[in-house]
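Peer 1: Could you have a look at this structure, given as structure tokens, before my questions?
Any read-out appearing in this document is the output of simple, stated calculations on the displayed coordinates, not a laboratory observation. Source: prediction; values computed, not measured. With ideal geometry, Cβ positions are generated from the backbone for all residues, glycine too; neighbour counts draw on all protein chains shown.
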Amino acid sequence: PCSPTKRSKENQGRRLLFGDPPASPEKPGSPGPSPRCGGQETPQSSGPARPQLFRQEGTCYQEAKRVLHAAVPDRLHARERETGVMRQFLREHVCGRRPGSLYVSGAPGTGKTASLSRVLLDCKDELAGSKTIVLNCMSLSSPQSVFPAVAQELGLPAAAGRDGVRRLEKHLTAQGPMVLLVLDELDQLESKGQDVLYTLFEWPRLPRSRLVLVGLANALDLMDRSLARLGARPASSPQLLHFPPYTREQLSTILRERLGQVAGDPVLDAAALQFCARKVSAVSGDARKALDVCRRAVEVVELEVRNQTLLKPLPGGDSPVSPVPKRVGLLHVSRVISEVFGDRLAAGAVGGRDTFPLQQKVLLCSLLLLARRLRTREVTLGKLHDAYSQVCRQQHLPAVDQAECLSLVTLLESRGVLELKRTKEARLAKVSLKMEEAAVEHALQDTALVGSILAQGLR
Ligand SMILES: Nc1ncnc2c1ncn2[C@@H]1O[C@H](COP(=O)(O)OP(=O)(O)O)[C@@H](O)[C@H]1O
Ligand SMILES: [Mg+2]
């Protein structure tokens, strides 16, 4: 978004940011002062300093990806009420030896699984005297196979059909410790007549039952739809707990808390983080999606930096593009968001292999190389055709002429990958990339060819 020189002016007298030149340039080859993120940019980076530079950046990107990935965070922002209700329910029912059931609902990514996992970890000691079973119903081949799966967890011999169910019921009403059965992704157990769900939720009501059942599902009305029969006896119908979608503020706090665990300067800039939170909350309020978007944006920047770092000096006196340590910016995030929420490449290239015909791939690679060499996003069609012809020669591929090159550009434009500003003279038409370089490489997907073209560069 901002060139290094501009940034360095903006930030005079402030602490170093990503892309800032160091206050006192290190000698090439000397190690950086600290392994923190976003430290030094080597001025016109001469050889040996680069690997060191990249190691530093690589570390902070990897660290960022790791913290964005964690499934059960130590602290669950904005879920104090929900975790409190769960904890109270477990204490009352499991520790208090009162059979019962809890139905947890909420859209995907609202923190149901993470909250329950957190509570189970926190209450480990209190639950030590009971048997805890956690099953993800997604892994079952059919709704009915929940019964043999539970039997197996309880150490009972597997028995099919009604017999298996009866044996389980006998076991769960016999003397013994309390059994806490957690069924995640409960929506998967919907069956004809809802028999499976009905049977399960009846168990805690059986005389002398020692079962406490917790079901987690996306659907808000699963209980209404499937357990109307249970509802007829409200005193013992399941306790309900709903997880609302996260708001923009909550998502940005979640992201900030996660990324705050990475030492040094922020990997994502504040505007990018806010933008992600705003977009995701507008669509779904799904924390998983917000974390995924940020992780992908970090990957994109990491790849971009690596490509710049590894780019060999160009023969003929041209100075190579210097590696610019980059912070993930709004532009990166916004591109990932359009990728994730489906437009442009999402419809084709990202999903399947080889959705770009060979000539389009070669042309795109040529544009990438030329843009890097000229350090601009916009090149003329004439220059692009020259670079493309050269790449074709290097790769021993047939090249199309300039008129056909224009039609290839038009095809790529209709995919939203390129922008073409037409002029009277075709050769002077302006072509620019509309996507992040790393995203283009990702979309091309032909690592062998693309790798070879990019490694050889332009002569
Ligand atoms: N309040 C929160 N604070 C931090 N991370 C969260 C929070 N809520 C959800 N997450 C993260 O979002 C992701 C999805 O959450 P998850 O509990 O699996 O959602 P659900 O089970 O509702 O689909 C997980 O990686 C989880 O760690
Ligand atoms: Mg879940």
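Peer 1: Compute the distance in nm between two label points, each set 7 Å from the Cα along the Cα-to-Cβ direction, one at Leu374 and one at Ser142.
Peer 2: 6.4
Peer 1: Using a Förster distance of 41 Å, how high is the FRET efficiency between Arg91 and Ser338, based on the Cβ-Cβ distance and rounded to 0.05?
Peer 2: Numbers: r = 46 Å, r/R0 = 1.13.
Plugging the Cβ-Cβ distance into 1/(1 + (r/R0)^6) gives 0.35.
Peer 1: Given Cα pairs under 8 Å that are at least 6 residues apart, what percent is the relative contact order of segment 358-456?
Peer 2: Numbers: 107 pairs, mean separation 30.5, N = 99.
So the answer I get is 31 percent.
Peer 1: Please report, in debye to the nearest 20, how large the charge dipole of segment 358-456 is about its Cα centre when each Lys and Arg carries +1 at its beta carbon and each Asp and Glu carries -1 there. Write down the numbers at each step before the final one.
Peer 2: Working: 14 positive and 11 negative charges, 69 e Å.
Here segment 358-456 has a charge dipole of around 320 debye.
Peer 1: If the only charges are +1 at each Lys and Arg Cβ and -1 at each Asp and Glu Cβ, what is the size of the charge dipole of segment 80-243 around the Cα centre, to the nearest 20 debye? Walk me through the intermediate numbers first.
Peer 2: Values: 20 positive and 17 negative charges, 126 e Å.
The calculated dipole for segment 80-243 is roughly 600 debye.
Peer 1: Which FRET efficiency value, to the nearest 0.05, do you get for Lys170 and Glu249 by plugging their Cβ-Cβ distance into 1/(1 + (r/R0)^6) with R0 = 51 Å? List each step's numbers first, then the result.
Peer 2: Numbers: r = 51 Å, r/R0 = 1.00.
Given R0 = 51 Å and the Cβ-Cβ separation, E is 0.50.
Peer 1: For segment 358-456, state the semi-axes of the equivalent ellipsoid (square roots of 5 times the eigenvalues of the alpha-carbon gyration tensor), sorted largest first and rounded to whole angstrom.
Peer 2: Working: eigenvalues 72, 46, 30 Å².
So the equivalent ellipsoid measures 19, 15, 12 Å along its semi-axes.
Peer 1: State the extension gain, in nm to one decimal, for the chain segment bounded by Arg422 and Ala455, taking 0.36 nm per residue of separation less the distance between their alpha-carbons. Please list the in-between numbers first.
Peer 2: Values: separation 33, 0.36 × 33 = 11.88 nm, distance 3.07 nm.
Extra length from Arg422 to Ala455 when fully extended: 8.8 nm.
Peer 1: Sticking with this one: At what distance in nm do the modelled label points of Leu331 and Leu121 sit from each other, each positioned 7 Å from its Cα along Cα→Cβ?
Peer 2: If labels sit at Leu331 and Leu121, their model points lie 3.8 nm apart.
Peer 1: Would you list the P(r) distribution for segment 80-243, with all Cα-Cα distances sorted into 5 Å bins from 0 and each bin expressed as a whole %?
Peer 2: P(r) over segment 80-243, rounded to whole percents: 2, 9, 19, 23, 23, 16, 7, 1, 0.
Peer 1: Turning to a different aspect of this structure: Determine, from the Cβ-Cβ distance of Asp187 and Thr59 and an R0 of 51 Å, the FRET efficiency 1/(1 + (r/R0)^6), rounded to the nearest 0.05.
Peer 2: According to the calculation, E is roughly 0.80.
Peer 1: Determine the gain in length on full extension of the stretch Ala159-Ala128; use 0.36 nm per residue of separation and subtract their C-alpha separation, reporting nm with one decimal.
Peer 2: Numbers: separation 31, 0.36 × 31 = 11.16 nm, distance 2.84 nm.
This chain segment gains 8.3 nm when fully extended.
Peer 1: Which entries of Lys112/Lys434; Lys289/Lys326; Lys65/Lys124; Lys112/Lys170; Lys279/Lys430 show an alpha-carbon separation above 26 angstrom in the structure shown?
Peer 2: On the way: Lys112/Lys434 38 Å; Lys289/Lys326 23 Å; Lys65/Lys124 29 Å; Lys112/Lys170 31 Å; Lys279/Lys430 31 Å.
The pairs that break the limit, which is 26 Å between Cα atoms, are Lys112/Lys434; Lys65/Lys124; Lys112/Lys170; Lys279/Lys430.
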